[in-house]
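Novice: Handing you a structure now.
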Amino acid sequence: MIPVYMINGFLDSGKSMFIQYTISQPYFQTKGTTLVIVCEEGEVEYDPELLKRSHAVMELIEEEKDFTGQTLIALEKKHRPVRILIEFNGMWNSKNVKFPWHWKLEQQITLIDGSTFSSYFTNMKSLIAEHIRRSEMIMVNRCDSVMEKIPSYKRNIKAINQNAEIIFEDQNGEVNATLEEELPYDVNAEVIDLDDTAYGVWYIDVLDNAPRYAGKTISYIGQVLKPKEFPKGYFVPGRMAMTCCADDMAFLGYACRYPGADELNEQDWIRVKAKVGIEYFEDYGKEGPVLEAVSIEKTKKPREPVINFV
């Protein structure tokens, strides 16, 4: 299997610089050939001397229609690489990419220019969401002029891909990605009451700031989901949410321990009052938020059953 590293991002997001920096690092050196496939030419050109020193060769695929298995196999036969880096065109849909069977996608990284993220996210949400959804790491650079927006950027990205590592950088390097923003609820209230907007914010914030909520009591309206793999006495009270666009929906919620879970019906609407605990849960495969129900009351379907998460 030939390992493939795919770097996504719109034009001028820093992909070429990132790849050149990577192949120049001692830890990335190898005796075999590294094939760098470039799918768009930006302002930064590849340094021929660096490519030579790094045992790397560059090939250009300018048209999306030419990014085919046949073309990729031809490049492999030409260079016989031991690994492949792809600078992918941000205007192409990564969902359509099909590699030869013996090419193994090791890692996918998305680079984002923080100064233009709002514009792209507003006007090309479905396209940028596809890149984010498929990446293990998202690097948001050039954040100098948008520092106050970092919390909302992080929430938007987390809504699409909860498992990705997200890094924010300014001209001096990595910045604190846990910068505080004003929460739409009182985190010190005896009971934190979450309306539709607040639920979305809380859902993401508890992932990044678990100690803030440990032992706190929350209340919200949710819908019952009963995963078959859950142990007896557990269910998920959550909400359907639009994480990107109308065609991109997800059910967002955390496991809840409740002795009467078997008596609840799938898709029932309930008012949940629960204490937040942070513990290992087998179906998460790691430590995470687990709710302990204080009270469950059936209620009416909300006027807006689907929340706009971002």
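Novice: Please go through the stretch 231-247 and give me each residue that is open to solvent by 30 Å² or more (accessible area, probe 1.4 Å) and within 25 Å of the chain's Cα centre (by Cα), ordered by number. Spell out how you get there, then give the answer.
Specialist: Step one: list which residues in the stretch 231-247 are open to solvent by 30 Å² or more (accessible area, probe 1.4 Å), which gives 231-232, 234, 240, 242, 245-247.
Within the stretch 231-247, MET240, MET242, CYS245, ALA246, ASP247 meet the criteria.
Novice: Given the conditions (1) touching a strand residue (DSSP E or B) at 6+ places or on another chain (Cβ under 6 Å); (2) within 22 Å of ASP195 (Cα to Cα), and given that LYS300 satisfies all but one, which numbered condition is not satisfied?
Specialist: Only one criterion in (1) touching a strand residue (DSSP E or B) at 6+ places or on another chain (Cβ under 6 Å); (2) within 22 Å of ASP195 (Cα to Cα) is unmet by LYS300, namely (1).
Novice: Okay, next question. If a residue has to be at pLDDT below 95 and open to solvent by less than 60 Å² (accessible area, probe 1.4 Å) to count, how many in the stretch 215-229 make the cut?
Specialist: Total satisfying the criteria: 1.
Novice: Next up: So for the stretch 86-97 (the condition being basic (Lys, Arg), part of a loop (DSSP other than H, G, I, E, B) and in contact (Cβ under 8 Å) with a residue 12 or more places away in the chain), does at least one residue qualify?
Specialist: Our first condition is that a residue be basic (Lys, Arg); within the stretch 86-97, this holds for 95.
Still in the list and also part of a loop (DSSP other than H, G, I, E, B): none.
No, that holds for no residue.
Novice: Identify, by number, the condition in (1) under 27 Å from the mean Cα position of the chain (by Cα); (2) at pLDDT 95 or above; (3) of a type in the set (Gly, Ala, Ser) that ALA74 doesn't meet.
Specialist: All conditions pass for ALA74, except number (1).
Novice: Would you please list the contacts, defined by Cβ atoms under 6 Å and residues six or more apart or on different chains, that run from a residue in the stretch 149-178 that is closer than 26 Å to LEU252 by Cα and β-branched (Val, Ile, Thr) to a residue that is at pLDDT 85 or above and not in a helix (DSSP H, G or I)?
Specialist: ILE150/PHE168; ILE157/ILE138; ILE157/ILE166; ILE166/ILE138; ILE167/MET139
Novice: Could you grab me the full set of residues in the stretch 79-92 that are open to solvent by 50 Å² or more (accessible area, probe 1.4 Å) and either modelled with pLDDT under 95 or in contact with a strand residue (DSSP E or B) (Cβ under 8 Å, 6 or more places away or on another chain) (or both)?
Specialist: Step one: filter the stretch 79-92 for residues open to solvent by 50 Å² or more (accessible area, probe 1.4 Å), giving 80, 82, 91.
Listed by number, the residues that qualify are VAL82, MET91.
Novice: Something else: I'm checking my understanding of the structure. Among residues of the stretch 54-67 that are in contact (Cβ under 8 Å) with a residue 24 or more places away in the chain and not aliphatic (A, V, I, L, M), which one is farthest from LEU85 (Cα to Cα)? Quick ask: steps written out before the conclusion?
Specialist: To start, the set of residues in the stretch 54-67 that are in contact (Cβ under 8 Å) with a residue 24 or more places away in the chain comprises 54-57, 59, 61, 64, 67.
Right, trim to not aliphatic (A, V, I, L, M) and you get 54-55, 59, 64, 67.
On the way: SER54: 13, HIS55: 13, GLU59: 10, GLU64: 17, PHE67: 14 Å.
Ranking the candidates gives GLU64 first.
Novice: Can you tell me how many residues in the stretch 1-46 are over 21 Å from THR71 (Cα atoms), surrounded by 13 or more Cβ atoms within 10 Å (Cβ to Cβ) and either out of contact with any His (no Cβ under 8 Å at 6 or more places or on another chain) or aromatic (Phe, Trp, Tyr) (or both)?
Specialist: Result for the stretch 1-46: 18.
Novice: Say we look at the stretch 248-306 and pick out the residues that are in contact with a helix residue (DSSP H, G or I) (Cβ under 9 Å, 6 or more places away or on another chain) and either of a type in the set (Asp, Glu) or part of a loop (DSSP other than H, G, I, E, B) (or both); which of these is surrounded by the fewest Cβ atoms within 10 Å (Cβ to Cβ)?
Specialist: By that ranking, first place goes to GLU304.
Novice: Of all the residues that make up the stretch 255-275, how many are closer than 19 Å to THR217 by Cα and either charged (D, E, K, R) or touching a Leu at 6+ places or on another chain (Cβ under 6 Å) (or both)?
Specialist: The number of residues fulfilling the criteria is 6.
The values are calculated or read from the model by the stated rules, or taken from the named source; none is laboratory data. Source: prediction; values computed, not measured. In this analysis, Cβ positions are derived from the backbone assuming ideal geometry, glycine residues included, and neighbour counts consider all displayed protein chains. Please note that ligands, DNA and RNA were not included when accessible areas were found on the heavy atoms of the full protein model with its side chains. Shrake-Rupley method; radii C 1.70, N 1.55, O 1.52, S 1.80 Å.
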